[in-house]
Each structure stands twice: as C-alpha cells, then as structure tokens.
Protein chains: 2
Amino acid sequence: MALRHAVLAALLEGELSGYQLTKAFDIGVANFWHAQPQQLYAELTRLEKDGLIAGRAVVQETRPTKRLFHVTDAGLAELEEFTAAFAKPSFIRDDLLVKVQAADHVDSETLIAQLSERAAFAEAKIQLFGKLLRKMRGDLTEEEFLRHGRRIGPYLTCLRGLALEQGNRDWCERTITVLRERKHSRARH
Amino acid sequence: MALRHAVLAALLEGELSGYQLTKAFDIGVANFWHAQPQQLYAELTRLEKDGLIAGRAVVQETRPTKRLFHVTDAGLAELEEFTAAFAKPSFIRDDLLVKVQAADHVDSETLIAQLSERAAFAEAKIQLFGKLLRKMRGDLTEEEFLRHGRRIGPYLTCLRGLALEQGNRDWCERTITVLRERKHSRARH
DNA sequence: AATGACTACTCACATTCATGACTAGGGAAG
DNA sequence: CTTCCCTAGTCATGAATGTGAGTAGTCATT
C-alpha cells in the first residue's frame, strides 16, 4: 500500500477535501506521486474506515457540501511505522526511455518530436517548482529556510522534483542534438 | 500496455531467452523499466501469440532447453507505432519521497537511515552504469561513440539512468545534511 | 438560452503488477 | 552425501492501479 501513505503525507500539510486533494495530485504539486480522483476518493474512504484520518463536513452555500480530512494520531503512528519500514527501491517507468532504447530501429524525427515535447513539459515543471519553492521559503534564502523553517518536508521533495525535471530537460536536449547530428552525418554519405 | 514495449525494446539488442531477459530486467541494466520474471514470461507468451516476436528452441547439453526470442517485422512496426504515439508523462513513485514529505512529523534518525541506504544504493548504481557505458563505447570517447557508434539507444538510456542516480545520491546527501543540522540546532535550545 | 467549465463525488470494471509456491536437472562446496 | 545455488521456466492468486461513465448543482460565456 503506497498511495495510502502518499495521501497521509499530503494531508499533513493541513485539512483538505477529496476534491482539493485530487487537484494537488493532478497538478503534480504532490510531485512524489500521481493518482486519479477515483483512486483518491476510494483511498480516503478506506483511510477513514481504518481511523487513520478523520473528516468533518463543511456545508457551503452555493457549492455542494464537502468533507475536510485531517490525519489522526493513529495516522501519524502509521506514517512513523511506514517511514521505518523498508523502502522498495524506486524504479523509473517511462515510455520515453523505452522509445529511446529502440532509437536505432525507429524513425529519428518521430523520436525527436517526442523528446521536444518532453523537454517543453519539463521546462514548464521547472518553472512551476521554482515558483513553489520561492513561495514556500518566502523572504529567506534557501539555506536559512532549510535551517529554521517550520515545515521543510514539502520543500525537500520539491527540490528533488526540480532536479529531476532539470535532468529530464537536459537529457532530452542532449539526446535531440545527438540524433540530429547523426542524421546529418549519415545524409552526407 | 507498457511492459510489452519495454520487452520489445530490450529484445532489439539481440536474441534473448526468457531467463536472460529476467536477468537484464532484474539488475536494472534495462534501467528504464523493472519487472518480475513471471511478468516477463507471461509477456513473452503474449508477444509470441501476437506475432511480434518469434522464438526458436535451443537444446543444451547440461542445461534445460531454452527458447531464444527475436523481434519480428510486425514487432518492429508495433514499436514504430508506439514511438509515434502519445507518451504519458512519467511520474515518480517513490516511497522515500513520501517519507521525506512527512519529514516534519516523523523521527529524523529513522529518515536519515533510509536516506543513507538509498544514497549507497544510488552510488552502487552509478558505478554500475559507469562500467556499462565504458564497455559500450569501447575505446571511443563519448562524443565519438554517439556520433558514429552503431547502437546508441541503450547508451542514451543508460546516460539518463546515470544522471538520475547521481541526482538521487546528491539529493539524499543534501537532505541528510539538512536534517542533521536542524537536529543539532534544536538540541542547543 | 444553450453550451461548456467548475465543484464535489460515486460506481463498476478492466488492466497491470506483484507474490508465493512449485517443477526439475546440474554443479559446487562443505 | 547433503545442502545450497543456478538455469529455465509455470501456475495461481491477490493487491494495486487505471479508466469510463454518471450525478447534480453553480457560474460564466457566447
């Protein structure tokens, strides 16, 4: 059970409704996991049944009533236990890498198009993460914030997300260059 | 269907038996995907049934008979189609990131232990990828190899794997430092 | 006045992934 | 001479994840 703990960790930041949670997971602000709304609602139901979170209904005037959830003590204990447990090494599952693995056997232009798209996507995420980080640390420098800030967990995971996307972008650009050069040099023969 | 194409891409490198394939996926040499033996055997069966790969039995003296598989023309066409198709943006799924997200609410030492373990794992992978890359490019420099080498697909994916693990290691070390410093500064108050 | 987008969810189903247990022969180490 | 590991797989089952479709009211746009 992995989504379970991702949801718990996300709810630590404060009360959220199922819908708000789906937004967070959707944008990938919670950049450490991804899930569909349906999965999140199902998980919330299970977590509440198990007493790891508790919800309270908030009646709204113009909107449907929503339920805000927070982590209970039992939920915290569960997270503590999870943290101590063995973490399965994370593996990448990336269509794009599969495509590049087959680079010598498929059309270069097609591949380059895919890589450009990914590079653009990565760049957008880099901007997003940059903004999020600036917002989280406020006026402080990164060093100061990490030393004295109150909640650094989300900041640290965001840093990893940022570095990851920078890596993605750089690798995509490098790969595009390589493929282009090979194409030209072969065209001359 | 993603494993499907990962297997196809892996088989492009040459004929492999199911068992050899499991080794490749197990070590993570095929660093772009990961799968259990059972999944691979099942996938090979399906791929053969669909005519995307073909196998030939090789009788061995002391070992059980094995079947070596290669990609058919239909398989190549399938890969071509896959390459052109939309790639769902890859998301990370990492227990460790979930744990760090909850950093402000769980025990630091536990977290540091997990981060150290991951850093060591990443370092080992870095060494492995380094060796693989040197082996693939032989006497050539990276630039020369990427320009003129025959099969660069696996090299390129390996480069991404290397950068990823370097990113992992650096982030783990940075995070450990941050957590340690916070602990000490709080201990003084 | 209709169309589409947003909030806030639920149900049901399909696919994918992971796991334990099992067969069966050979070789190496103690 | 027994125990363990390696090759080379198969079978069955369960857990996790993904997806399509539907409900129902609100709000802004054209």
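The values are calculated or read from the model by the stated rules, or taken from the named source; none is laboratory data. Bear in mind that the values here come from a model prediction, so they are computed numbers and not experimental data. A quick note on method: Cβ atoms are made from the backbone with ideal geometry, for glycine too, and the neighbour counts reach across all protein chains shown.
Between a residue in region B:32-49 that is over 14 Å from B:LEU11 (Cβ atoms) and within 14 Å of chain A (Cβ to nearest Cβ) and any residue that is assigned to a helix (DSSP H, G or I) and within 12 Å of DNA strand D (Cβ to nearest atom), which pairs come within a Cβ distance under 9 Å, given they are 6 or more apart or on different chains?
What qualifies is B:HIS34/B:ASP26; B:GLN36/B:THR22; B:GLN36/B:ASP26.
Look at A:THR110 and say whether it is surrounded by 20 or more Cβ atoms within 10 Å (Cβ to Cβ), in a helix (DSSP H, G or I) and among the polar types (S, T, N, Q).
Values: surrounded by 20 or more Cβ atoms within 10 Å (Cβ to Cβ): no; in a helix (DSSP H, G or I): yes; among the polar types (S, T, N, Q): yes.
When the stated conditions are applied, A:THR110 does not pass them.
Away from chain B (no Cβ under 11 Å) and touching a residue at least 40 places away in the same chain (Cβ under 8 Å), is that true of A:LEU179? Give the steps one after another, and end with the answer.
On the way: away from chain B (no Cβ under 11 Å): no; touching a residue at least 40 places away in the same chain (Cβ under 8 Å): yes.
So A:LEU179 fails the test.
Is at least one residue of region B:42-64 under 18 Å from the mean Cα position of the chain (by Cα) and over 30 Å from A:GLY149 (Cα atoms)?
yes
Rundown of residues vs (1) touching a strand residue (DSSP E or B) at 6+ places or on another chain (Cβ under 6 Å); (2) within 12 Å of DNA strand D (Cβ to nearest atom); (3) within 30 Å of B:ARG160 (Cβ to Cβ); (4) outside the structural domain of A:PHE121 (by TED's automatic domain parsing), yes/no style:
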residue	(1), (2), (3), (4)
A:GLU13	no, no, no, yes
A:PHE25	no, yes, yes, yes
A:ARG56	yes, no, no, yes
A:ALA102	no, no, yes, no
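Out of (1) assigned to a helix (DSSP H, G or I); (2) at pLDDT 95 or above, the odd one out for B:LEU140 is which?
The failed condition is (1).
Would you call B:GLN166 exposed (fewer than 14 other Cβ atoms within 10 Å of the Cβ) and in a helix (DSSP H, G or I)? I'd like the intermediate steps shown before the answer.
Details: exposed (fewer than 14 other Cβ atoms within 10 Å of the Cβ): no; in a helix (DSSP H, G or I): yes.
Spelling it out, it is not the case that B:GLN166 is exposed (fewer than 14 other Cβ atoms within 10 Å of the Cβ) and in a helix (DSSP H, G or I).
Output the residue which, of all residues in region B:58-73 that are within 20 Å of A:HIS105 (Cα to Cα) and among the β-branched types (Val, Ile, Thr), is farthest from DNA strand D (Cβ to nearest atom).
Of everything passing the filter in region B:58-73, B:THR72 is farthest from DNA strand D (Cβ to nearest atom).
What do you reckon, is B:GLU123 within 29 Å of A:LEU146 (Cβ to Cβ), of a type in the set (Asp, Glu) and more than 8 Å from chain A (Cβ to nearest Cβ)?
On the way: within 29 Å of A:LEU146 (Cβ to Cβ): yes; of a type in the set (Asp, Glu): yes; more than 8 Å from chain A (Cβ to nearest Cβ): yes.
The answer is yes for B:GLU123.
Can you give me the number of residues within region A:79-89 that are surrounded by fewer than 18 Cβ atoms within 10 Å (Cβ to Cβ) and part of a loop (DSSP other than H, G, I, E, B)? Explain how you work it out, then say what you get.
Initial filter on region A:79-89 (surrounded by fewer than 18 Cβ atoms within 10 Å (Cβ to Cβ)): A:80-81, A:84-86, A:88-89.
Within this subset, residues satisfying the condition of being part of a loop (DSSP other than H, G, I, E, B) are A:85-86, A:88-89.
Summing the residues that are surrounded by fewer than 18 Cβ atoms within 10 Å (Cβ to Cβ) and part of a loop (DSSP other than H, G, I, E, B) in region A:79-89 gives 4.
With the requirement that a residue be more than 14 Å from chain B (Cβ to nearest Cβ) and touching a helix residue (DSSP H, G or I) at 6+ places or on another chain (Cβ under 9 Å), what does region A:65-103 give you?
Pass one, region A:65-103, residues more than 14 Å from chain B (Cβ to nearest Cβ): A:65-69.
Residues satisfying the conditions are A:LYS66, A:ARG67, A:LEU68, A:PHE69.
Of A:ARG63, A:ARG67, which residue is exposed (fewer than 12 other Cβ atoms within 10 Å of the Cβ), basic (Lys, Arg) and near DNA strand C (Cβ under 8 Å from one of its atoms)?
On the way: A:ARG67 fails: exposed (fewer than 12 other Cβ atoms within 10 Å of the Cβ).
Being exposed (fewer than 12 other Cβ atoms within 10 Å of the Cβ), basic (Lys, Arg) and near DNA strand C (Cβ under 8 Å from one of its atoms) holds for just one of A:ARG63, A:ARG67, which is A:ARG63.
Against the definition (away from DNA strand D (no atom under 12 Å from the Cβ) and either surrounded by 13 or more Cβ atoms within 10 Å (Cβ to Cβ) or over 26 Å from A:ARG93 (Cβ atoms) (or both)), how does B:LEU76 come out, yes or no? Quick ask: steps written out before the conclusion?
On the way: away from DNA strand D (no atom under 12 Å from the Cβ): yes; either surrounded by 13 or more Cβ atoms within 10 Å (Cβ to Cβ) or over 26 Å from A:ARG93 (Cβ atoms) (or both): yes.
So B:LEU76 passes the test.
Would you call B:THR141 hydroxyl-bearing (Ser, Thr, Tyr) and surrounded by fewer than 14 Cβ atoms within 10 Å (Cβ to Cβ)? Outline the logic, then answer.
Working: hydroxyl-bearing (Ser, Thr, Tyr): yes; surrounded by fewer than 14 Cβ atoms within 10 Å (Cβ to Cβ): yes.
Judged against the criteria, B:THR141 is a match.
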